[in-house]
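Everything below concerns the one structure shown next.
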Amino acid sequence: MRLSVNVTNYSWPDGPSGLAARLSEVVRAADGAGLDTVWVSDHLLQADPTSTEDAEMLEAYTTLGFLAARSERVRLGTMVTGVTYRPPALLVKAVTTLDVLSGGRAWLGIGAGYHTSEAQAMGLPLPAVLERFERLEDTLRLALQMWAGYDAEFHGTHYQLQRPINSPNSLRRPHPPILVGGMGERRTLRLVA
């Protein structure tokens, strides 16, 4: 059995000035205890059900880079990135960069997205559910293409890329592990397969 920890709430007693020290303690303890993965939520507003929307929340990929520099073994990823938060090639490059700089310890955690109030508050697109799943499928196809080192044109339902170059490529081969988050049996399970 593999155990992981998911950091969802940054409202800690020391306040913002203590976040760096506390996060360092968490990732070093996870590393030392043999935990498999440290996950962070990819939200821009606090989404933990035990907190409030305006409580402390750190940007996920910057946080993962910080954690990578303070750990040696534990794997790192988002639980999960909403597919509309970043353009797909940028997301693949962010995960690839994390993988390279962490020595092959990155995960791609991704889902269709759901948080309407966050999208509205932060000016993020949140199209209809069907479109989000189409974008998720495009992004997964593009990630596999880029990690395969195939830089030919990409033609998806919603994304058209002229030459998606991924250099340097991920250290983890054939690619970083992918976690697809979701609650639906019809579309999510098919994408996982």
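The values are calculated or read from the model by the stated rules, or taken from the named source; none is laboratory data. Please read these numbers as outputs of a predicted model, since none were measured by experiment. A quick note on method: Cβ atoms are made from the backbone with ideal geometry, for glycine too, and the neighbour counts reach across all protein chains shown. For accessibility, only protein heavy atoms count, side chains too; no ligands or nucleic acids. Shrake-Rupley method; radii C 1.70, N 1.55, O 1.52, S 1.80 Å.
Of note:
- Residues that are open to solvent by less than 50 Å² (accessible area, probe 1.4 Å) and within 18 Å of GLY156 (Cβ to Cβ) occur at least once in the range 65-82.
- Comparison of ASP36, ASP42, ASP14 shows that the only residue that is touching a Ser or Thr at 6+ places or on another chain (Cβ under 8 Å) and farther than 24 Å from THR84 by Cα is ASP36.
- The lone exception for GLY123 - which of (1) under 12 Å from the mean Cα position of the chain (by Cα); (2) more than 26 Å from ARG190 (Cα to Cα); (3) not hydroxyl-bearing (Ser, Thr, Tyr) it fails: (1)
- Look at (1) at pLDDT below 95; (2) outside any loop (DSSP other than H, G, I, E, B) and you find that ASP31 fails only one, number (1).
- Scanning the range 29-69 for residues that are of a type in the set (Asp, Glu) and without any contact (Cβ under 8 Å) to a residue 40 or more places away in the chain yields ASP36, ASP54, GLU59.
- Selection from the range 12-34 of residues that are within 23 Å of PRO177 (Cα to Cα), in contact with a Lys or Arg (Cβ under 8 Å, 6 or more places away or on another chain) and hydrophobic (A, V, I, L, M, F, W, C): VAL27
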